[in-house]
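What follows is a set of notes on a single structure, which appears directly below.
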Amino acid sequence: GHCRRSRLVLSSQLGDPPPRPTTMEGEPSAPSRLFLARPLDAPDKAIGRPLQGPCRNPLQVEQSAAWHFQHLRAEVFDELQIDFEDLAPESLHGWAITGLTWMAAAGVEKQKSACLGLVYALLVHDLDRTVSPGYYDYLALLRNLDAHHIATRTLLAFSRRWRVLQPVTQLRLVLLLRAMADARWPKVDQVALSIQRELVLEPKYQEHVCEVLHEMVCVTHLCARVDEECAQLSFLWAARWAHITSSLKPRKGEDGEALVELRRLLAELVAGLWQEYRDALLRAGPALLWAAAQYRDCAALPWQAVMVHEGAILTHPAPQACLDHFLTHELQEQTAFLVNEATGHRAGRLFEWFLRRHFGQPAHGSGIGDCILWAITAAAPKGDLKPQLWDRFWNASASGDGALAFLFAAAHLAPRSDSYTRRLLDGLLAQSVDPDETRRRKAFYLVKRIPGSGASKLAVLLRRDLEQEQGPSRKK
């Protein structure tokens, strides 16, 4: 009953999947799992710009994909005695590919079913790529059948919950994505950009993350050429990881040469994107300067060459897509809720939960600065200063990255004295955390970390205000 009710949520035109197949003993087959054994979040909204249509909880996508793969096994693979878990060279894969082709020719729904089942098989099973016909032949068949972008829709849904995928599934996904990018698969850049946003460093899985990064660098090389926005987002992503990996050290038992090679690949990617897409990157506007402010200590990044073009950079506003790319999808959605919906007595509790979930308490790292910058740009059009929210954000950052975001917004996003960002900053600096260490003093020292003439002008104003603030105390 459940499988008959399950829907393929990737397309509104696709009907109910076939009945759930059974094994030879008559018991339901138990598909392998893609996700970790922990609860998923509430259903998602529609995702992907050109890939419009409902895409709910990825667990539902996984269930549909599993049942469609079981249908392929019952219709094609079991009859040929092909076991995907042990892809033997002597298996009749050529016959299976022919059978799948004939099955897909029966109609659009059969074609979609074959595509979804094949995507699931390539993610769940560790297929031997040296067997021919085998992995790449099935991938070629999927490429020919995927007229409705089922593969990219499915991978996009899974990438939105990257952190709850099994580590081995994450690696298979990026290997599949690399093969799809090599085949010039339509819309594969959408999946690559989504993974870029979701990929974070987990110390427990440092070696695994580095392995995934190695493959993602190769994918990014191919996807950055799609359009101007892809080049901008890929540059920001590569600069962030070049900065992160520059301070990593191999853990006990890990391969140090792999980390050195990864640093080299990231540095080459950043340099190549800057040389090839310089004009497009300059149109990233203040988003490019924000990356320079955060990753200024990384010698592999071309910030001196970037700052030569400061005048051209500041003629462009920061694209919203660039600001979004600094955040994961979940963090962006929950930050938007804090800005737009969290009011009254529950706002404080919601903020504490938000801080613990994403940053720890007190917050460390540059992620809190990215979040604050995004929140400021979201709140600015309405003009609501939200003093309690900004005060909480300022106090939450133990490393100063949160305060840096407020200063950067005042210096480069809207530097006029009557702008929203300047009024916001003036309201924050008027409050003293400690009589001996005012916020204005902290801001004066932090603003020196921000590149650009706008930050220099702001530093002059802060110094003047600080001297005026210290004058009465000296007389006393």
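Rounded to the nearest whole Hz, the Karplus-based 3J(HN,Hα) values (6.51 cos²θ - 1.76 cosθ + 1.60, θ = phi - 60°) of region 293-302 follow the sequence 5, 7, 10, 5, 7, 7, 5, 6, 9, x, with x at glycine and proline. The residues of region 277-354 expose on average 43 square angstrom of accessible surface per residue, using a 1.4 Å probe on protein heavy atoms.
Database remark: amide H of LEU165 closer than 5 angstrom to the amide H of LEU36 (H placed geometrically; neighbours at sequence offset of 5 or more, or on other chains; Pro and chain starts carry no H). The overall shape of region 136-289 is oblate: from the C-alpha gyration tensor, with semi-axes ordered a ≥ b ≥ c, the ratio a/c is 1.5 or greater and a/b is no larger than b/c.
In terms of Cα atoms, the Rg and Dmax of region 182-242 work out to 11.7, 35 Å. Checking the cross-link pairs LYS249/LYS457; LYS187/LYS382; LYS112/LYS187 against a 28 Å limit on the alpha carbon distance flags LYS249/LYS457; LYS187/LYS382 as lying beyond it. Sorting the segments 300-306, 265-271 by their residues' average number of neighbouring beta-carbon atoms within 10 angstrom, most packed first, yields 265-271, 300-306.
Rolling a 1.4 Å probe over the protein heavy atoms gives region 78-230 an accessible area of 40 Å² per residue.
Assign one of three labels to region 273-357, namely rounded, prolate or oblate, based on the Cα gyration tensor with a ≥ b ≥ c the square roots of its eigenvalues; rounded applies when a/c is under 1.5, prolate when it is not and a/b is larger than b/c, and oblate otherwise. Prolate shape, in that a/c is at least 1.5 and a/b is the bigger ratio. Of the accessible area of region 65-157, computed with a 1.4 Å probe over protein heavy atoms only, carbon and sulfur atoms account for 50 percent. Note on region 220-356: with neighbouring protein chains present and a 1.4 Å probe, carbon and sulfur make up 52 percent of its accessible heavy-atom surface.
The values are calculated or read from the model by the stated rules, or taken from the named source; none is laboratory data. Predicted model only: the values in this text are computed from it and were never measured. All Cβ positions, glycine included, derive from the backbone under ideal geometry; neighbour counts span all protein chains shown. Heavy atoms of the whole protein, side chains included, go into the accessibility calculation; ligands, DNA and RNA do not. Shrake-Rupley method; radii C 1.70, N 1.55, O 1.52, S 1.80 Å.
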